[in-house]
Amino acid sequence: MDEAIENGYTRLVEIISTQKTIIDEKGGEIAQKNADLFGRMIAMAVPIVSYAGIQMLQKAKIDVQGELYDAVHYDEKMILLGKSEEAVPARPDDYSKKVTDQFCMLGESGIVYELMYSQDEHIVDSYRGELTPGDAVTIYGYDILFMLYKAMRQYCSGQEELLDALDKTLTFMRSFPNQEQ
């Protein structure tokens, strides 16, 4: 009887191990498909980032009140896709600098960046490293795909409101006879 229990238990462990391998393979395939989808979304969004994005702070000095001055921004506009819940302990370019904030950004060049900010009493500065779409999905999760979609949708909504306002303005202006001054 003990042998039957041991054989059954051994078989159960084998099945779990086999299932784990299959789950890992299928999970990897899904992750790759997410990375591929993200890459396609990036390619379609690139023309819009240059006018929908923002310029991010590269470095600045901090005055005694904690206000920033002599700020320098990255030339390239970017769209914020995500923020790390827990920043890495140190920056890759300088291990002595503690990371205070860590973001995933899409640049107008189509490159996905990871921005890491460090701050001391006098200076805030950043490190900008490139990420592949796959690495970005691995680090920041599936939410970055949603955030890119949401950013495009919000920009589109803003454009629709602007077009509506322009149409109303033109309609109002056209309702007056032309007056020469």
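Bear in mind these aren't lab numbers, they're just calculated from the coordinates by the rules spelled out. If you're wondering where the values come from, they're calculated on a predicted model, not measured in any experiment. Every residue, glycine as well, gets a Cβ built from its backbone with ideal geometry; the counts of neighbours run over all protein chains shown.
Can you list which of the GluC sites (Glu not before Pro) found in region 85-123 are DSSP loop residues with at most 10 other C-beta atoms within 10 Å? Here the GluC sites (Glu not before Pro) that fit, given the DSSP loop and packing criteria, are Glu85, Glu86, Glu121. Taking the convex hull of the alpha carbon positions in region 86-181 and averaging its projected area over all directions gives 11.4 nm².
Think of the chain as having a plus end and a minus end, set by charges on the Cβ of Lys, Arg, Asp and Glu; of Gln119, Tyr149, Leu12, Tyr149 sits farthest toward the positive end of this dipole. If you count Lys pairs in region 2-174 whose Cα atoms are under 24 Å apart, skipping same-chain pairs closer than 8 places in sequence, the total is 15. Seen from Ser84, the other residues with C-beta closer than 14 Å to its C-beta sum to a net charge of -3, counting Lys and Arg as +1 and Asp and Glu as -1.
Each of Cys104, Cys156 was scored by other Cβ atoms within 10 Å of its Cβ. Arranged with the fewest first, they read Cys156, Cys104. Under the criterion of Cα pairs below 8 Å and six or more residues apart, the relative contact order for the chain equals 19 percent. Hey, how many Å between the Cα centroid of region 29-70 and the Cα centroid of region 76-134? Spelled out, the Cα-based centre of one part sits 9 Å from the other. Our helix-only sum for the chain, with -39,500 (n - 2.57) per DSSP H run of n ≥ 4 divided by its residues, gives a mean residue ellipticity at 222 nm of -18000 deg cm²/dmol. About its Cα centre, the dipole of region 2-174 is roughly 680 debye, where the only charges are +1 on Lys and Arg Cβ and -1 on Asp and Glu Cβ.
Overall shape: oblate for region 2-174, with the ratio a/c of the largest to smallest alpha carbon gyration tensor axis at 1.5 or above and b/c at least equal to a/b.
The residues packed around Asp63, meaning those with a beta-carbon under 11 Å from its beta-carbon, carry a net charge of -2 if Lys and Arg are +1 and Asp and Glu are -1.
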